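As structure tokens, the structure follows; a few thoughts come after it.
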Amino acid sequence: MMPTTAGRFRSSAVALTGAAVLLAAAACGSSSSSSSTASGQITLTELDYYTSQPAHGAVGALLQSCAKSVGVKITQDSVANPQLMPKVLQELSSHTLPDLLMLDNPSLQQIAQTGALTPLSTAGVDLKGFYPSILSAGSYQGQVYGIAPGVNSIALFYNKDMLAAAHLTPPTTWAELTADAKTLTTSAHEGFALSADNDGEGSWQFLPFFWSNGANLDNLASPASVQSLQLLDGMIQNGSMSKSVVTWAQSDVNDQFIAGKVAMMVNGPWQFPTLNAATSLHYGVVPIPVPAAGDQVKVPLGGEVFTVPVTSSATEQAAAKVLTCMNGSANQLSYAKQVGYVPSLESAAAQLAASEPAMAPFVSEVATAESRTAVVGTKYPTIATAIETAEQQALTGSASPAQALAAAQSSATKGS
């Protein structure tokens, strides 16, 4: 999920309303908005939410290059993130979906379940060499419907000067994170920050702690889940994390880090341009700390998948060829460098890690990243909302972590 180009991982998943939409899409398919020139050349349409640079330009250039290679024309339609799913649902109902459709990966299953998307293996898209987690994020009921030129996630950024002054190395475990955050807290800055808002980013940033501790999205009230929230609540209680994190988006956390008001933060590679522009800031990036030494970090897989809606055979084949071109190794690597993503082909990701060391922690995390919909499917948006409500309650002191997550589990169960 791209939070705008600044990288907001807001889930754009919107519940489909009405059985009529589901049945109509599944039964009737979709009519293409593509066209042909007098010479018979196909013009494809594409829809995404890349309204800002560098993503808009990077995707646009990739689309045009691949369309030329395939021998078709293509038009790019970019709408703001909040407008994408309403537009998709409207076009789904009227059978006017584009020929290439970008979806935030948690939204894919909602559209795939209507029958409006073409299985990519059927369309002839080569799926070899992709990270399994990325194929999982683009799958529904065992079929891959979407793939991504690149993906993203989150890691731990740290202020090198602050840690050096405190004679600390970057933490790797929860115990080290808690102790270091406390040591790094002064009257001028807190030791640690993340986004705990209730607008999509709070759940996204909580999941690495939740999953790495063995918690599962189908049981929010488990002891492992409670421990994860207790970790964050403990840092609020001892003053090493600001209570304001419940209102901070990831961009706000980044601003605090740049201003020297936070020593360590959870954030993503889309922040590199603004961080690098702060020439007096010396920072490093490492994987997010795990509960104990030897544990495996598990981060949520972010980013968008491109799909091929059901249209006509010729149009689907042309769209599939463009999608295949977009996901060639060289194109993935170029795209990743432009927008701060990790290529979804394992070989291309390894090349990126070797050429850009700052991306290495993200590449290592993608190997074990988890799809937010792999276990709970279309229930994820409801569960994410329940998680964020629990975070808000626990971190503001209106409920204990255990109480907040028990309520979250009840809410998620009723909502699904």
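Is it fair to say V305 is modelled with pLDDT of 95 or more, among the hydrophobic types (A, V, I, L, M, F, W, C), within 16 Å of the chain's Cα centre (by Cα) and buried (at least 23 other Cβ atoms within 10 Å of the Cβ)? Judged against the criteria, V305 is a match.
So which residues in the stretch 259-279 are over 20 Å from Q53 (Cβ atoms) and open to solvent by 10 Å² or more (accessible area, probe 1.4 Å)?
Step one: of the stretch 259-279, the residues over 20 Å from Q53 (Cβ atoms) are 259-266, 279.
Within the stretch 259-279, A259, G260, K261, T279 meet the criteria.
Does the stretch 340-363 hold any residues that are hydroxyl-bearing (S, T, Y) and more than 16 Å from the chain's Cα centre (by Cα), and which are they?
Start the filter on the stretch 340-363 by keeping residues that are hydroxyl-bearing (S, T, Y), which leaves 341, 344, 347, 355.
Hits for the stretch 340-363 are S347, S355.
Residue under question is S187, and the condition is that it be of a type in the set (G, A, S) and either assigned to a helix (DSSP H, G or I) or open to solvent by less than 30 Å² (accessible area, probe 1.4 Å) (or both); does it hold? Break it down stepwise before answering.
On the way: of a type in the set (G, A, S): yes; either assigned to a helix (DSSP H, G or I) or open to solvent by less than 30 Å² (accessible area, probe 1.4 Å) (or both): no.
Taking the combined requirement at face value, the residue does not satisfy it.
Is it true that K182 is part of a loop (DSSP other than H, G, I, E, B) and either under 22 Å from P381 (Cβ atoms) or of a type outside the set (A, V, I, L, M, F, W, C) (or both)? Judged against the criteria, K182 is not a match. Of the helices (runs of 4 or more DSSP H) lying entirely inside the stretch 358-416, the ones with 1 or more residues being small (G, A, S), open to solvent by 50 Å² or more (accessible area, probe 1.4 Å) and modelled with pLDDT of 90 or more are found at 360-366, 401-415.
In the stretch 125-143, which residues are small (G, A, S), out of contact with any Asp or Glu (no Cβ under 9 Å at 6 or more places or on another chain) and surrounded by fewer than 18 Cβ atoms within 10 Å (Cβ to Cβ)? Within the stretch 125-143, just G142 meets the criteria. What pairs come up if the first residue lies in the stretch 336-347 and is at positive phi, the second is open to solvent by 70 Å² or more (accessible area, probe 1.4 Å) and of a type outside the set (K, R), and their beta carbons are under 8 Å apart, counting only those six or more places apart or on different chains? Matching pairs, first to second residue: G340/P273.
Could you tell me whether the stretch 7-22 includes any residue that is touching a strand residue (DSSP E or B) at 6+ places or on another chain (Cβ under 6 Å), open to solvent by 30 Å² or more (accessible area, probe 1.4 Å) and either under 24 Å from P343 (Cα atoms) or modelled with pLDDT under 95 (or both)? Steps first, answer last, please.
In the first step, residues of the stretch 7-22 are kept if they are touching a strand residue (DSSP E or B) at 6+ places or on another chain (Cβ under 6 Å); the result is 9, 12.
Keeping just the survivors that are open to solvent by 30 Å² or more (accessible area, probe 1.4 Å) gives none.
Within the stretch 7-22, none of the residues are touching a strand residue (DSSP E or B) at 6+ places or on another chain (Cβ under 6 Å), open to solvent by 30 Å² or more (accessible area, probe 1.4 Å) and either under 24 Å from P343 (Cα atoms) or modelled with pLDDT under 95 (or both).
Within the stretch 61-104, if we keep just the residues that are more than 22 Å from S334 (Cα to Cα) and among the charged types (D, E, K, R), the residue that is most open to solvent (accessible area, probe 1.4 Å) turns out to be K87. Scanning the stretch 327-355 for residues that are more than 23 Å from S136 (Cα to Cα) and polar (S, T, N, Q) yields S334, Q338, S355.
Listed by first and then second residue, the pairs linking a residue in the stretch 71-87 that is in contact (Cβ under 8 Å) with a residue 12 or more places away in the chain to a residue that is part of a loop (DSSP other than H, G, I, E, B) and open to solvent by 60 Å² or more (accessible area, probe 1.4 Å), with Cβ atoms under 9 Å apart and 6 or more places separating them unless they lie on different chains, are S78/T51; V79/T51; A80/T4; A80/T51; N81/T4; N81/R8; N81/T51. Is at least one residue of the stretch 346-357 open to solvent by 50 Å² or more (accessible area, probe 1.4 Å), at pLDDT below 95, over 30 Å from G57 (Cβ atoms) and not β-branched (V, I, T)? For the stretch 346-357, residues open to solvent by 50 Å² or more (accessible area, probe 1.4 Å), at pLDDT below 95, over 30 Å from G57 (Cβ atoms) and not β-branched (V, I, T): absent.
Screening T173, T186 for residues that are of a type in the set (V, I, T) and free of Cβ contacts under 8 Å to residues at least 60 places away in the same chain leaves exactly one candidate, T186.
Looking at the stretch 233-244, can you tell me whether even one residue there is under 25 Å from the mean Cα position of the chain (by Cα), touching a residue at least 60 places away in the same chain (Cβ under 8 Å) and on the phi > 0 side of the Ramachandran plot? Checking the stretch 233-244: not a single residue is under 25 Å from the mean Cα position of the chain (by Cα), touching a residue at least 60 places away in the same chain (Cβ under 8 Å) and on the phi > 0 side of the Ramachandran plot.
The values are calculated or read from the model by the stated rules, or taken from the named source; none is laboratory data. A quick note: this is a predicted structure, and the numbers were derived from the prediction, not measured. FYI the Cβ positions are ideal-geometry reconstructions off the backbone, even for glycines, and counts take in every protein chain you see. What goes into the accessible areas is simple: the full protein's heavy atoms, side chains included, and nothing from ligands, DNA or RNA. Shrake-Rupley method; radii C 1.70, N 1.55, O 1.52, S 1.80 Å.
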